[in-house]
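Enquirer: One structure coming up, written as structure tokens, with questions to follow.
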Amino acid sequence: HMLLATLLVTLLASGVIWWVMRRQLSPMIDTANTLARLAEGNERPQPLPITREDEIGHLVNGFNHLLKALGSREEALQKSEESFRDIFEKNRSVMLFISPDNGQIVAANQAAVNYFGYPRGRLESMNIGEINTLSPEILAEVRKKAIREQQDTFQFPYRLASGEVREVEIYLT
């Protein structure tokens, strides 16, 4: 009888402990699920509900503070990106973003599109070697110098969409 009673008390205690732990940790599980959905979504994170004023409530409050700070940073980053994009696009100087690793043209402003005569999509899908008439070896060396910041101005011959070749002075940043 003692063994049976011990077994029943153990099962009852295990059930009560499981129920209490599940009840106590359910806000944590809900918060973790909500945070996972927020990380996967593209919408602006909303504050998480604080259901209890205990340690878990303090933790959720900390997450809310973090979400607010991250939201502010994201907003500032978007404004900065918009300002930069606006300055880049409206600049009358020919501007190209070129990957120093491989010479791929990543972005071109309207002045570059007008100057080189290629449609923006075509220009942004080209490699600088397609418009620069120097050899690939020389261009690779120039990219290395640019990465090491050994030189920031160059003069190169460039071939425009019309086939005309022009000598161009380049300033790297």
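Enquirer: Amide H of Val168: which non-local residues (sequence gap of 5 or more, or other chain) have their own amide H closer than 5 Å, using H built in the peptide plane?
Expert: Those lying under 5 Å, H to H, from Val168 are Phe156, Tyr158.
Enquirer: How many angstrom lie between the C-alpha centres of the stretch 67-83 and the stretch 138-173?
Expert: Using only Cα atoms, the two centres lie 34 Å from each other.
Enquirer: Could you check the simple spin-label distance between Phe88 and Asn114, using points 7 Å along Cα→Cβ, in nm with one decimal?
Expert: So the label points at Phe88 and Asn114 sit 1.9 nm apart.
Enquirer: Using only the heavy atoms of the protein chains and a 1.4 Å probe, how would Tyr118, Tyr158 rank by accessible area, largest first? Each step should come with its number before you reach the end.
Expert: Working: Tyr118 40, Tyr158 10 Å².
Sorted descending by solvent-accessible area, the residues read Tyr118, Tyr158.
Enquirer: So, one more: Taking the Cβ of Gln155 as the centre, find all other residues whose Cβ is under 13 Å away and add up their charges (Lys, Arg: +1; Asp, Glu: -1).
Expert: Details: positive: Arg166; negative: Asp152, Glu167, Glu169.
After counting each charged neighbour, the total is -2.
Enquirer: Asp152 accessible area, nearest 10 Å², 1.4 Å probe?
Expert: The accessible area comes out at roughly 90 Å².
Enquirer: Ok, one more. Once the whole set of protein chains is in place, how much accessible area is left on Met95, using a 1.4 Å probe, in Å² to the nearest 10?
Expert: Rounded to the nearest 10, that gives 60 Å².
Enquirer: Out of Ile98, Leu67, Gln46, whose Cα points farthest toward the positive end of the dipole of the chain (charges: +1 Lys, Arg; -1 Asp, Glu; placed on Cβ)?
Expert: Gln46
Enquirer: Next question. Does the stretch 1-87 come out rounded, prolate or oblate by the C-alpha gyration tensor, with a ≥ b ≥ c the root eigenvalues, rounded set by a/c under 1.5 and, if not, prolate when a/b is larger than b/c and oblate if not?
Expert: Values: a/c = 6.67, a/b = 3.94, b/c = 1.69.
Note, shape of the stretch 1-87 comes out prolate.
Enquirer: Summing +1 for each Lys or Arg and -1 for each Asp or Glu, what net charge is found among the other residues whose Cβ lies under 11 Å from the Cβ of Ile131?
Expert: Neighbour charge sum, excluding Ile131 itself: +2.
Enquirer: Let me ask something additional. Scaled to the compact-protein estimate 2.2 N^0.38 Å, what is the alpha-carbon radius of gyration of the stretch 1-147, rounded to two decimal places?
Expert: On the way: Rg = 29.5 Å, N = 147, 2.2 N^0.38 = 14.7 Å.
Taking the Cα Rg and dividing by 2.2 N^0.38 Å, one obtains 2.01.
The values are calculated or read from the model by the stated rules, or taken from the named source; none is laboratory data. Just so it is clear, the model here is predicted, and its values are computed rather than measured. Note that each Cβ is placed from the backbone with ideal geometry, even for glycine, and that neighbours are counted across all protein chains shown. Heads up: the accessible areas ignore ligands, DNA and RNA and are worked out on the full protein's heavy atoms, side chains in. Shrake-Rupley method; radii C 1.70, N 1.55, O 1.52, S 1.80 Å.
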